1. In the stretch 580-592, what residues are open to solvent by 20 Å² or more (accessible area, probe 1.4 Å), touching a residue at least 40 places away in the same chain (Cβ under 8 Å) and assigned to a strand (DSSP E or B)?
2. For the stretch 712-754, give me the residue count where each residue is open to solvent by 30 Å² or more (accessible area, probe 1.4 Å), out of contact with any Pro (no Cβ under 6 Å at 6 or more places or on another chain) and in a loop (DSSP other than H, G, I, E, B).
3. Got a number for residues in the stretch 600-632 being without any contact (Cβ under 8 Å) to a residue 60 or more places away in the chain and over 26 Å from Val232 (Cβ atoms)?
4. Mind checking which residues of the stretch 331-344 are surrounded by 16 or more Cβ atoms within 10 Å (Cβ to Cβ) and free of Cβ contacts under 8 Å to residues at least 60 places away in the same chain?
5. Checking Lys628 against (1) crowded, with 22+ Cβ neighbours inside 10 Å; (2) assigned to a strand (DSSP E or B), only one condition comes out false. Which one?
6. Among the residues of the stretch 683-695, which ones are buried (at least 16 other Cβ atoms within 10 Å of the Cβ) and among the hydrophobic types (A, V, I, L, M, F, W, C)?
7. Whether any residue in the stretch 613-620 is farther than 30 Å from Pro522 by Cα, part of a loop (DSSP other than H, G, I, E, B), touching a Ser or Thr at 6+ places or on another chain (Cβ under 7 Å) and polar (S, T, N, Q) is what I want to check.
Amino acid sequence: MRPTAVRSLIAVFIALAIPALARAAESEDAAPSRSFGQYLVDRIVARHHELIGLDLAASPESVIIASKDREHLGRKTALAEKAKPVVAIDAATGQRIAVDLPLQDKSGKTIGAMRAVYAYAQGEDEARFVTQAEALGGEMRRQIPGAAKLVQPVRPTDGLDIGGTQSLPTTKEIVSGKALAENEQEGYAEAVKHVAGVAPANSKGSANDSIYIRGIKLNLFSNYRINGGLPVAGVITMPNEDKARLETLKGANALQFGVASPAGIINMITKRAGENDVTSFSGALSSFGQYGGTFDVGRRLGSEGQLGIRVNGSATELENGVRGLDGDGEFGSAGIDYRASDRLTLQGDFEYYRKHVPEQAGVSLLDPVNGKVPITPVPDPRNLLSGSWAMYTPETGNAQMRADYLVADNLKVVAEAGRSYSDRSRFTTRIGNYDINTGAGGVVRVSTVSQNYRNSFGMLELQSAFSTSVLAHELTFGGSVTDRRAETPLNRKEFILKQTQNIFDPIALNAPNFTGSPTALPLQISRDGGAYVYDTISFHPRAPRLLLGMRYTEDYENNGKTYNPVSCVKCGANTSWVALPSFGALWDVLPGVTVFGSYMEGLEAGGTAPANAYNANEILAAQVSKQKEVGLRTTYFRGISASVSLYDIDKANAVTDPNPNPYCGGNPACYVNSGQINYKGLETTVNAELTRLFTLDLGWQWLRAIQNSPDPKFNGLAPENTPKAIGNVRLGFRMPWVKGLTLNAGASGVTSRYVNFQQQGTIPGYVLYSAGASWVTSHPMINARRLTFLLAVDNLANLRYWNSVQTGTYGIGMDRTVKMTIKMDM
């Protein structure tokens, strides 16, 4: 698409939006500010077009405090806080059905009652409307911290964003609560491991975890975001201690993020000080000897609680299961928000975390024999294959500021800026050419590198909701810029130790004695900046909602190499302008049943060359990716939430070419883009309350991935480490005779995966079993409002398995692990 066409499209959006916004702003100037309860009702009604009435009544007076019909406000009502739903059909017309339910806050405490009203035809199943109203009650419960909040004036950052970011035709899964608490000192990868389509990308317990979603490895420097903004420079496993929830965003969500993988975004939502003070402490330990403690303190200060402060910290003595790989890790954060006025709120997040721990050596693939790679038996994952000298010393600092200004009830301006600093020094140790039967004679190759990364981010955005003629719009218009810089001041390529290693019966390796002067890589810069607009358009409550979006991006890439028209045509500085359209639709075909579809183009950050590549640590240029997705999500059946989606993704294919490649001056083992990979998949998630005592969670993905490459070595073949199927199931049981006690058991499985991009062998699939328990109680003797005990056992059957395989190196799964956590809320 030409730049002039893009500018014309954006101009049309602005021409339609500005007059409507101006009229709305004028009317809002005289309007009184809403309560949070009314704000919540308005948002719920806007999202659930099947509702023709919605009232909220507060205890104990049973007075309506929020309603779809403003004339109901202040009325005494007969809404009852009964434990079970009460259903009534309008006797006069027979065309309306009302469902009365208790209104609860996040803790489950009943704080009032609600009435949901729907259109009704004689003979329709009343239970269906009860199910929809209960799902609606659950949705509201998650957004109500307490009864007092309902009558407080709405703040600019309360509730959801005004624009259409919450109603995109996408797949989105959220991890929070117990799943985060169980893995508080393990990092994000353990917390999201049960999300449909998530697969590991390296050895279990790595100091810097990485994952695949939908068969695509997430980029550690662009796909992990703090509060939807700053991309974290990922050189260390990102902590959970200060996170309220983790969102796995897929599909058209990437429209909001500029450079991002089409597979998904891990959006890390930080904790904020609430209306109630928070003081909690926790301790965790594992069967390998790892232990640590955390604290979480939240307060609101000022005469009206204008200033909120949430402070988190932790310290951990690290023991990931490999004997001799003990180290330490520390984390600290502060989340601040300041309500400068009823319309202006400022927020800031600051994090610092580090680790100081040796790294395990990787076991390399053996050379192919007659075109096939012999698969190595899995060694004992607890044996140290490197040495205590192989220290990994990453540290990261993140800082982000945001301002929200509510111009009018339907118009908000958001400004955001942040920076992520990450530095690391590491030894990469790989063992190859060993005897496959005895494990002896392994050649040990060691490289070392020191790297500095800087991600800078800025964004200015206008969010609005307005009407033009018969259309309702949720429009977002903005601009953003992201600058990523990578420096490698010290780079020593592979050094072969004089000692050999036995991968089955290892010895302690001596530290490498590098000779010669180290080299350095030139500064690498990747910067994207541009404007974007997207609009969710509603025609009629029963008609589909449409998403139209466009991002126009200037992409600047400079790998620091000298341009050569023959040997290095992609070297030096390169600037390109890219138009990235997105569109989609959502249709509530029935109450609680939504079908959706989307098409998206996005700019994906280039991969980083592995340590065993000729151009090790080089970052490739960004490439355009495309995704098509259709799906269905439903809460139609009582107690069941489910989704299913079909997707088709095309993205750049980065491979390590074993043959001489002109991009690396004719040298072999060059990491380079070679055509594209096409991913076609089916993904489903089910969360069910089977009975009052039993819950079921299920996630599953089927995937077909094929390389479309100009190189016949790769064309038509599946990529490495990409399973055809991956799934998990978990069953929970609430013990009726022990209050607060829940038991759980589960299984997760992965099918076989090819070991390289030439399909020269496969590592076998596996099924891992897990079990756990949680008990929530209180103990007045120690002044604890709540005590939580968590127990989790991973790899219950103590299976030996290859966890992953990538860039010519196996990832080893870990033995049975028992983790225990105790948390005390004061």
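The values are calculated or read from the model by the stated rules, or taken from the named source; none is laboratory data. Computed from a predicted structure; not experimentally measured. Heads up, the Cβs are rebuilt from the backbone with ideal geometry, glycines too, and the neighbour counts pull from every protein chain shown. These area figures cover heavy atoms from the full protein model, side chains too; ligands, DNA and RNA do not enter into them. Shrake-Rupley method; radii C 1.70, N 1.55, O 1.52, S 1.80 Å.
1. Once the filter is applied, which keeps residues that are open to solvent by 20 Å² or more (accessible area, probe 1.4 Å), touching a residue at least 40 places away in the same chain (Cβ under 8 Å) and assigned to a strand (DSSP E or B), the stretch 580-592 yields Pro581, Ala585, Trp587, Asp588, Leu590.
2. The first filter runs over the stretch 712-754 and keeps only residues open to solvent by 30 Å² or more (accessible area, probe 1.4 Å), leaving 712-713, 715-717, 724, 729-731, 733-745, 748, 751-752, 754.
Cutting the leftovers down to out of contact with any Pro (no Cβ under 6 Å at 6 or more places or on another chain) gives us 712-713, 715-717, 724, 729-731, 733-745, 748, 754.
With in a loop (DSSP other than H, G, I, E, B) added as a condition, the list becomes 712-713, 715-717, 724, 735-740.
Summing the residues that are open to solvent by 30 Å² or more (accessible area, probe 1.4 Å), out of contact with any Pro (no Cβ under 6 Å at 6 or more places or on another chain) and in a loop (DSSP other than H, G, I, E, B) in the stretch 712-754 gives 12.
3. The qualifying residues number 4.
4. Across the stretch 331-344, the qualifying residues are Gly332, Ala334, Ile336, Tyr338.
5. Of the numbered conditions (1) crowded, with 22+ Cβ neighbours inside 10 Å; (2) assigned to a strand (DSSP E or B), the odd one out for Lys628 is (1).
6. Within the stretch 683-695, Val686, Ala688 meet the criteria.
7. So the first thing to find is which residues in the stretch 613-620 are farther than 30 Å from Pro522 by Cα, and the list is none.
Looking through the stretch 613-620, none of the residues is farther than 30 Å from Pro522 by Cα, part of a loop (DSSP other than H, G, I, E, B), touching a Ser or Thr at 6+ places or on another chain (Cβ under 7 Å) and polar (S, T, N, Q).
Per-residue answers, yes or no, for (1) in a loop (DSSP other than H, G, I, E, B); (2) more than 30 Å from Gln451 (Cβ to Cβ):
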| residue | (1), (2) |
| --- | --- |
| Leu220 | yes, no |
| Arg225 | no, no |
| Ala233 | yes, no |
| Glu247 | no, no |
| Pro262 | yes, no |
| Thr279 | no, yes |
| Phe295 | no, yes |
| Gly308 | no, yes |
| Arg323 | yes, no |
